[in-house]
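These notes are about the structure you will find just below.
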Amino acid sequence: MKFVRLGRTGLRVSRIGLGCMSYGRAAAGMHQWTLDEEAAAPFFRQAVELGVTFWDTANVYQGGTSEEFVGRAISRFARREEIVLATKVSGKMHDGPGGSGLSRAAILEQADASLRRLGTDYIDVYYIHRFDPETPVEETMQALDDLVRAGKVRYLGASSMWAWQFAKAQHAAVVNGWTTFAAMQDQYNVLKREEERDMIPMCLDQGVGLTPYSPLAKGRAARPWGRQTSRSSSDTVAMAFDRHVDEPVVNAIEQVAEARGVPMAQVALAWVLSKPVVSCPIVGATKPHHLQDAVAALDLTLTEEEIAALETPYQPQDNYWW
């Protein structure tokens, strides 16, 4: 495993992150394909063995059961100080005033609830999962700063919003002397590159590390065009990637992979890793080879010609679901 600093911070993170949305009780959340605790255990063990020590979850993943699984897995397979643990706040957990959004009430309540489910007294990276247009950014950033000062959170991150919204929150923190965001977790892969317009240049300028989710485009960039899996056929989020204009990009990935003699997933992930703003792509693993391919991609350096072959067929698209 290779390790890098998260943006300009001193925090060292594994170059590959384990995405834990794949783990949780299916009946407790929006996804029916997630793995229960027994089925998920081998992937936590495998992550530790491979050195994948950045683990990313969220309070809303399967109604909080993902956090519960993650917390118990840390106790079972690692020491707490070996894992860089990330979770998120914003999505709806209940109908009460502190059940969703980024108000002070919600942030403080949900941070404590996440800590209980995770079985820990601190969160390494705490993300705001989405922007909350109904709460002043000053209220949000001060509450997050209070969590840092209380020792409950060590670093802050944000996920999936317009660049101007991210800039507004960062500015509020700077002018008031509060903790700024160190990480941005947005959707970024060879099939979804719209973040290159505004968000990524901003993160490069401000030293914010990208921890992108869906680096394999929900698997679309990891298999030949038209091939389906049980998840891709049922996951409504994954279906957002069914754009026929992406076929040339997928074909290019396949051609580079065949020439290299490696799986397509390694090529697609190597493309993401080639971008200097990217600290740690988040990889969801539900099959043993998923993490193996991700770690192997660290040793695959694409040539300029190969990168051009992957990027040239891309067609800009309308704003897509975050």
So Val4 passes all but one of these: (1) assigned to a strand (DSSP E or B); (2) surrounded by 20 or more Cβ atoms within 10 Å (Cβ to Cβ). Which condition number does it fail? (2)
Would you confirm whether or not the range 179-191 contains a residue that is in contact (Cβ under 8 Å) with a residue 24 or more places away in the chain and part of a helix (DSSP H, G or I)? no
State whether one or more residues within the range 53-76 are over 19 Å from Ser114 (Cα atoms) and not hydroxyl-bearing (Ser, Thr, Tyr). no
Does Gly226 satisfy the criteria of being over 22 Å from Gly209 (Cβ atoms), at pLDDT below 95, open to solvent by 20 Å² or more (accessible area, probe 1.4 Å) and not charged (D, E, K, R)? yes
Residue match in the range 298-311 (condition: farther than 30 Å from Met202 by Cβ, at pLDDT 95 or above and not polar (S, T, N, Q)): yes
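Can you say whether Thr57 is under 25 Å from Arg15 (Cβ atoms), in contact with a Ser or Thr (Cβ under 9 Å, 6 or more places away or on another chain) and of a type in the set (Val, Ile, Thr), as far as the supplied structure shows?
Working: under 25 Å from Arg15 (Cβ atoms): yes; in contact with a Ser or Thr (Cβ under 9 Å, 6 or more places away or on another chain): yes; of a type in the set (Val, Ile, Thr): yes.
Yes: the conditions hold for Thr57.
Conditions (1) without any contact (Cβ under 8 Å) to a residue 40 or more places away in the chain; (2) open to solvent by 60 Å² or more (accessible area, probe 1.4 Å); (3) part of a helix (DSSP H, G or I); (4) of a type in the set (Phe, Trp, Tyr), marked per residue:
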residue	(1), (2), (3), (4)
Trp271	no, no, yes, yes
Gln292	no, yes, yes, no
Val295	no, no, yes, no
Thr301	yes, yes, no, no
Gln315	no, yes, no, no
In the range 231-268, which residues are closer than 20 Å to Ser22 by Cα, open to solvent by 10 Å² or more (accessible area, probe 1.4 Å) and at pLDDT below 95? Arg231, Ser233, Ser234, Thr236, Val237, Met239, Ala240
Looking at the range 103-123, is at least one residue β-branched (Val, Ile, Thr) and more than 26 Å from Arg25 (Cβ to Cβ)? no
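The values are calculated or read from the model by the stated rules, or taken from the named source; none is laboratory data. The structure displayed is predicted, hence computed values, not measured ones. Ideal geometry is used to build each Cβ from the backbone, glycine not excepted, and the neighbour counts take in all protein chains shown. Note: accessible area is taken over every heavy atom of the protein model, side chains too, but ligands, DNA and RNA are not part of it. Shrake-Rupley method; radii C 1.70, N 1.55, O 1.52, S 1.80 Å.
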